[in-house]
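Student: Questions regarding the structure given below will be posed in turn.
Since every read-out is calculated from the coordinates, none of them should be taken as a lab result. Computed from a prediction, not measured in an experiment: that's the story for all the values here.
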Amino acid sequence: MGKTLMMATALCLAWQLAIAGDTSFNELDANADGLITSDEAQADAKVVEVFGALDVNGDGFLTLAEYSAIETSRGG
């Protein structure tokens, strides 16, 4: 249940971010390693706000899969 609640929270936050943010995964992934670190996320204040919720597995990085909730909501 905890994981389901966390995912639901992440999706709600992603929706809010989709309304306000424009930064793509590739733009944030400054070193092109396929992960967004919290330092790389600093380029988009809205991503910073929801970083922890989107990091579903809690490893400190956003993968494309985790970030895709944002891009899917944006239609991109």
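Student: Name the residues whose placed amide hydrogens come within less than 5 Å of the amide hydrogen of D55, ignoring near sequence neighbours (fewer than 5 apart) on the same chain.
Tutor: none
Student: Right, something else. Could you give the length gained by full extension between S68 and T4, i.e. 0.36 nm per residue of separation minus their alpha carbon distance, to one decimal place?
Tutor: Full-extension gain reported as 21.3 nm.
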